[in-house]
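A.B. asks: What follows is a structure written as structure tokens; I'll ask about it next.
The values are calculated or read from the model by the stated rules, or taken from the named source; none is laboratory data. Keep in mind that this is a model prediction, so the values were computed, not measured. Here the Cβ positions follow ideal geometry from the backbone for every residue, glycine too, while neighbour counts run over all protein chains shown.
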Amino acid sequence: MRKTLPEVYKAFDGVSVHLKAEPLNTSVSARMEEKGTEKGVAAMSACYQGFDPAAYLQYNYTPPRADFERKDSIVPWKLACLHRAFTEGDVNGELLVDIGSGPTLYQVMSGCEVFNKVLLTDFLEVNRQELRGWLRDEGGSSLDWTPFLQHVCKLEGRGASAWTEKAAKLRQVITDVVPVDVHRPQPLALDDLPSAGADCLVSCFCLESASPDLAAFNRALGHIGSLLRPGGHLLLIGTLGMNYYFGGPGVKIPAVPVNEAQVCAGLKENGYTLIRLEVYTTPQDMKLGSDDGSGVFFAKARKE
Ligand code: SAH
């Protein structure tokens with residue numbers, strides 16, 4: 001006699017322990033993992049509603065984290081990594097896309113010299129507004145980017161006074177500031193990108209700060225890879241070992257703590273060849289309580 005559906009479910013009740021031990025269910029467990037991630041992604045999106053661009057800039061882009069006199073300050077370290085990556089000769093072309101720009105511009109200050117167009121992206125309208133405010137050049141930005149521009153000009157051997165030219169260059173090549181969601185298989189709107197894809201992606205502190213777990217982080221790496229042409233480069237910066245950070249006063253945002261090995265494995269799994277991985281260890285006096293990260297990684301990779 002055929003069993004009705006409820007009876008079949010009932011028949012499984014007593015053997016649930018045994019079923020758990022079965023190694024067959026990979027697709028089921030992958031689906032469960034995705035379901036878990038979906039919930040986590042929704043929870044993260046809710047946390048981000050309190051994100052405060054001015055406070056975030058204050059925590060992360062003023063001294064001691066942005067102290068251009070200190071060799072061990074994190075911002076000069078990031079700018080040096082990006083400067084090197086964009087001046088080695090292998091990274092250039094038509095379009096550079098920055099994934100999860102937030103309210104910041106430092107990450108494209110070297111790249112704007114070797115790409116004709118730069119597209120900025122973020123999940124939050126408040127961050128897109130902050131960036132558009134700077135692009136319009138009518139004052140009212142939450143942070144003065146001048147020392148950053150001056151520092152990058154010095155790295156390029158141009159002298160700090162060239163910073164106004166760099167600011168003008170940035171305003172000229174940045175074509176738009178658009179929404180992005182790294183948890184969607186297609187993170188950008190279709191008409192934001194040419195069908196061939198971008199020549200280069202840069203993404204700083206986005207994936208680990210936007211993902212509820214390592215599986216979501218890895219999937220997001222794959223999603224953004226779909227925006228990149230084969231042979232194009234990914235410059236990925238992120239925090240190591242971070243469980244949370246503050247996106248504003250009292251706005252505690254959970255993050256996925258990643259280590260170097262996990263970043264390398266994630267890149268490999270998603271079809272990138274690692275060219276270089278550099279690691280910065282956060283000095284004790286730069287642990288400010290605005291996050292619990294232990295350091296920062298910089299990866300230069302190429303999409304197969
Ligand atoms: N790139 C900047 C900002 C990093 S903060 C910097 O270098 O400082 C993390 C950023 O991830 C925030 O701007 C946030 O809006 C963005 N973000 C959050 N969820 C996201 C998602 N699902 N997809 C893309 N970006 C997301």
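A.B. asks: Only one of (1) assigned to a strand (DSSP E or B); (2) within 24 Å of L277 (Cβ to Cβ); (3) more than 9 Å from the ligand (Cβ to nearest atom) fails for D98. Which number is that?
C.D. replies: For D98, the failing item is (3).
A.B. asks: Still on this structure: Consider only pairs whose beta carbons are under 8 Å apart and that are at least six residues apart or on different chains; among these, list those whose first residue lies in region 120-140 and is under 19 Å from Q186 (Cα atoms) and whose second residue is among the aromatic types (F, W, Y).
C.D. replies: That search, which allows pairs on different chains as well, returns F123/Y48; L124/Y48; L124/F51.
A.B. asks: Can you tell me which residue is surrounded by the fewest Cβ atoms within 10 Å (Cβ to Cβ) among those in region 112-154 that are within 20 Å of L96 (Cβ to Cβ), more than 17 Å from the chain's Cα centre (by Cα) and among the acidic types (D, E)? I'd like the intermediate steps shown before the answer.
C.D. replies: If we filter region 112-154 for residues that are within 20 Å of L96 (Cβ to Cβ), which is where we start, we get 112-123, 127-128, 130-132, 134-135, 145, 148-149, 151-153.
Next cut, more than 17 Å from the chain's Cα centre (by Cα) only: 112-117, 130, 132, 134-135, 145, 148-149, 151-153.
Then keep just the ones that are among the acidic types (D, E); that gives 113, 130.
Details: E113: 18, E130: 25.
In this case the residue turns out to be E113.
A.B. asks: Ok, one more. Among L235, L274, L267, which is in a strand (DSSP E or B), at pLDDT 95 or above and either more than 12 Å from the ligand (Cβ to nearest atom) or among the aromatic types (F, W, Y) (or both)? It would help to see each step written out before you state the result.
C.D. replies: On the way: L235 fails: either more than 12 Å from the ligand (Cβ to nearest atom) or among the aromatic types (F, W, Y) (or both); L267 fails: in a strand (DSSP E or B).
One residue alone meets the criteria, L274.
A.B. asks: While we're here: Counting just the residues of region 252-263 that are in a helix (DSSP H, G or I) and over 15 Å from the mean Cα position of the chain (by Cα), which one comes out surrounded by the fewest Cβ atoms within 10 Å (Cβ to Cβ)? Let's see the steps before the verdict.
C.D. replies: Filtering region 252-263 down to residues in a helix (DSSP H, G or I) leaves 260-263.
With the extra rule that they be over 15 Å from the mean Cα position of the chain (by Cα), the set shrinks to 260-262.
On the way: E260: 14, A261: 9, Q262: 17.
For region 252-263, the residue satisfying everything is A261.
A.B. asks: Kindly provide the set of residues from region 141-178 that are assigned to a loop (DSSP other than H, G, I, E, B), touching a residue at least 40 places away in the same chain (Cβ under 8 Å) and among the charged types (D, E, K, R), ordered by number. Spell out how you get there, then give the answer.
C.D. replies: If we filter region 141-178 for residues that are assigned to a loop (DSSP other than H, G, I, E, B), which is where we start, we get 141-145, 156-159.
With the extra rule that they be touching a residue at least 40 places away in the same chain (Cβ under 8 Å), the set shrinks to 142-143, 145, 156.
Across region 141-178, the qualifying residue is only E156.
A.B. asks: While we're on this one: Run L207 past the list (1) more than 11 Å from the ligand (Cβ to nearest atom); (2) crowded, with 23+ Cβ neighbours inside 10 Å and report the number of the one that doesn't hold.
C.D. replies: Tallying (1) more than 11 Å from the ligand (Cβ to nearest atom); (2) crowded, with 23+ Cβ neighbours inside 10 Å, L207 fails exactly one: (1).
A.B. asks: Shifting gears a bit: Being under 16 Å from the mean Cα position of the chain (by Cα) and among the basic types (K, R) is the filter here, so list the residues in region 167-190 that pass it. Give the derivation first.
C.D. replies: We begin by selecting, within region 167-190, every residue under 16 Å from the mean Cα position of the chain (by Cα); these are 177-188.
Result: R184, single match.
A.B. asks: Now, a different point. Residues of region 179-198 being within 16 Å of the ligand (Cβ to nearest atom) and part of a loop (DSSP other than H, G, I, E, B), which ones? Let's see the steps before the verdict.
C.D. replies: Taking region 179-198 first, the residues within 16 Å of the ligand (Cβ to nearest atom) are 179-189, 192-193, 198.
If the condition is that a residue be within 16 Å of the ligand (Cβ to nearest atom) and part of a loop (DSSP other than H, G, I, E, B), then V180, D181, V182, H183, R184, P185, Q186, P187, L188, A189, L193 are the ones that fit.
A.B. asks: Quick one: which residue in P212, P230, P249 is in contact with a strand residue (DSSP E or B) (Cβ under 8 Å, 6 or more places away or on another chain), more than 18 Å from R128 (Cα to Cα) and assigned to a loop (DSSP other than H, G, I, E, B)? Steps first, please.
C.D. replies: Working: P230 fails: assigned to a loop (DSSP other than H, G, I, E, B); P249 fails: in contact with a strand residue (DSSP E or B) (Cβ under 8 Å, 6 or more places away or on another chain).
So the residue among P212, P230, P249 that is in contact with a strand residue (DSSP E or B) (Cβ under 8 Å, 6 or more places away or on another chain), more than 18 Å from R128 (Cα to Cα) and assigned to a loop (DSSP other than H, G, I, E, B) is P212.
A.B. asks: Does L201 satisfy the condition of being part of a strand (DSSP E or B), touching a Leu at 6+ places or on another chain (Cβ under 8 Å) and of a type outside the set (V, I, T)? Even if it seems obvious, please write down each step before you answer.
C.D. replies: Values: part of a strand (DSSP E or B): yes; touching a Leu at 6+ places or on another chain (Cβ under 8 Å): yes; of a type outside the set (V, I, T): yes.
Yes.
A.B. asks: Let me ask another. Look through region 35-79, keep the residues that are part of a helix (DSSP H, G or I) and away from the ligand (no atom under 15 Å from the Cβ), and return whichever of them is surrounded by the fewest Cβ atoms within 10 Å (Cβ to Cβ).
C.D. replies: Going through region 35-79, the residues part of a helix (DSSP H, G or I) turn out to be 35-48, 53-60, 74-79.
Next, only the ones that are away from the ligand (no atom under 15 Å from the Cβ) stay: 35-36.
Numbers: K35: 10, G36: 14.
That would be K35.
A.B. asks: Select from region 103-114 the residues that are touching a strand residue (DSSP E or B) at 6+ places or on another chain (Cβ under 6 Å) and within 12 Å of the ligand (Cβ to nearest atom) and list them in ascending order.
C.D. replies: First pass over region 103-114, keeping only residues touching a strand residue (DSSP E or B) at 6+ places or on another chain (Cβ under 6 Å): 107-108, 111-112.
Those that are touching a strand residue (DSSP E or B) at 6+ places or on another chain (Cβ under 6 Å) and within 12 Å of the ligand (Cβ to nearest atom): Q107, V108.
A.B. asks: Identify, by number, the condition in (1) within 15 Å of the ligand (Cβ to nearest atom); (2) not in a helix (DSSP H, G or I) that N218 doesn't meet.
C.D. replies: (2)
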